[in-house]
Amino acid sequence: MTDLRAPSRSGPAPHAHHLLLYGGDEQFLDAALPFARGGLAAGEPVFVATTRHNTALLRRHLGARAEYVCFAPTHWYRTPAQTLRAFHDKAHSAPGPSRVLGETPWIGLTGDEAREWSRYEALLTLALASTGAWHLCPYDTRVLPASALRTAQLTHPALTTGAEHRANPAHVPPERFSAACDTVPLPEPPEDRAEFHFDGMHQIADLRAFTARLALLAALPAERIDSLLICVDEAAANAVRHGGGAGRCTFWTTAAEVFCEITDPKGSLDTALAGYLPPDTSHLDGRGLWIIRQLSDAADMRTTEHGTVIRMRMKRRR
């Protein structure tokens with residue numbers, strides 16, 4: 001298994017991914033200020049993606065040194081897959097060790113959304129492996145649901161309290177946590193769904209036309225239709241080339257989302273990590289699932305005794 005410890009750096013950081021539970025401004029600052037100041041003193045890039053309130057706190061207490069901190073743009077946390085890629089790319093672009101204070105937005109999430117953001121937290125440990133990045137994740141115990149706080153204990157290999165850091169005995173390996181997320185069954189499509197069966201690459205153009213027509217009827221914005229068609233192409237091609245050679249596309253809508261699902265009755269896929277981490281650029285294979293996760297608003301992938309399902313979701317309004 002890949003060593004999840006970050007390269008050695010100034011200050012005690014036995015793991016790359018730390019959980020900070022805080023119940024007020026003072027507890028937050030007791031950990032966040034030494035974390036940021038230590039990075040600046042060591043000449044390490046410091047990136048902050050937290051709440052508006054905590055951003056203002058840090059700016060005020062860092063004083064003139066705040067100008068050397070990079071604060072995240074608005075809407076940094078778009079989707080779990082896109083945010084995972086963004087932090088991965090930022091860590092790899094740093095010339096050496098770097099520090100990130102990243103506070104995931106949990107308020108107002110549905111059950112499905114919360115599960116995917118929890119998976120993101122678990123896989124962030126893998127995304128940071130060997131990058132030299134030290135990631136501190138604050139969780140506000142005053143406002144977050146108990147379920148989010150319990151799950152946070154499972155997804156972070158280390159804990160931070162004030163300026164002290166220690167290993168987290170409750171941590172679950174990312175692969176195991178992600179696999180557990182996939183044990184939640186997907187809801188059945190509604191009866192008024194539309195279906196298209198394909199049995200080879202020669203029908204992909206017809207599949208695209210079927211999807212585009214229904215997406216247009218659903219009033220999906222044009223740029224979102226283009227993204228959906230790319231996702232459908234990748235999922236169908238995966239079924240033809242690496243699965244049973246044929247499959248089924250199922251399309252339906254809700255008031256908020258468009259759903260498009262590719263079913264491969266003979267396919268098999270290890271979905272615990274599929275498409276979450278950037279693929280090896282030296283190989284063409286393995287990019288399709290990653291592209292699907294980057295372009296869709298959410299993607300569920302499951303393999304059962306009945307084959308493999310890739311369910312893509314697009315929000316009708318952003």
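Read the figures in this text as sums done on the coordinates, not as results from a lab. Just so you know, these numbers come straight off a predicted model, no measurement behind them. Positions of Cβ are backbone-derived with ideal geometry, glycine not excepted, and every protein chain shown enters the neighbour counts.
Estimated from helices alone, the mean residue ellipticity of the chain at 222 nm is -12500 deg cm²/dmol (sum of -39500 (n - 2.57) over DSSP H runs with n ≥ 4, per residue).
Near the amide H of Ala16, within less than 5 Å, lie the amide hydrogens of Ala6, all on another chain or at least 5 residues away, with H placed in the peptide plane.
Between Ile225, Ile262, Ile292, the GNM of the chain built on Cα springs shorter than 10 angstrom shows Ile225 fluctuating the most.
Once the other residues with Cβ under 13 Å from the Cβ of Met301 are scored (Lys, Arg +1; Asp, Glu -1), what is the net sum? Spelling it out: positives minus negatives among the neighbours equals -2. Considered as an equivalent ellipsoid built on the Cα gyration tensor, the chain has semi-axes of 39, 20, 18 Å, the largest given first. For the stretch 140-188 versus the stretch 216-260, the spacing of their alpha-carbon centroids is 31 Å. Reported value for the stretch 151-212: 205 Å³ per residue, from the convex hull of its C-alpha atoms.
Residue separation times 0.36 nm, minus the C-alpha to C-alpha distance between His242 and Arg37: what's the value?
Working: separation 205, 0.36 × 205 = 73.80 nm, distance 4.99 nm.
Additional length available on full extension: 68.8 nm.
For Val46, what charge total do you get from the other residues with a beta carbon under 12 Å from its beta carbon, if Lys and Arg give +1 and Asp and Glu give -1? It would help to have the intermediate numbers written out before the result.
Details: positive: Arg37, Arg65, Lys90, Arg99; negative: Glu44, Glu67.
Once all neighbours under 12 Å are counted, the net charge is +2.
The GNM of the chain, with springs linking C-alpha atoms under 10 angstrom apart, assigns the highest mean-square fluctuation among Glu223, Glu234, Glu113 to Glu223.
Let me check I've understood the local charge: for Thr253, count other residues with C-beta under 12 angstrom from its C-beta, Lys and Arg +1, Asp and Glu -1. What total comes out? Write out the running numbers ahead of the final one.
Values: positive: Arg193, Arg313, Lys315, Arg316; negative: Asp192, Glu257.
Cβ neighbours under 12 Å give a net charge of +2.
Approximating the spin labels as points 7 Å out from Cα along Cα→Cβ, the Glu113-to-Asp270 distance works out to 3.2 nm. Label reach from Glu305 (point 7 Å along Cα→C-beta): in the stretch 253-271, amide nitrogens under 17 Å belong to 265-269. P(r) tail for the stretch 174-271: Cα pairs beyond 21 Å make up 39% of the total. Working from label points 7 Å from Cα in the Cα-to-Cβ sense, the Ala64 to Arg52 distance is 3.0 nm.
Note on the chain: with a GNM built from Cα contacts shorter than 10 Å, the maximum mean-square fluctuation among Val143, Val69, Val258 falls on Val143.
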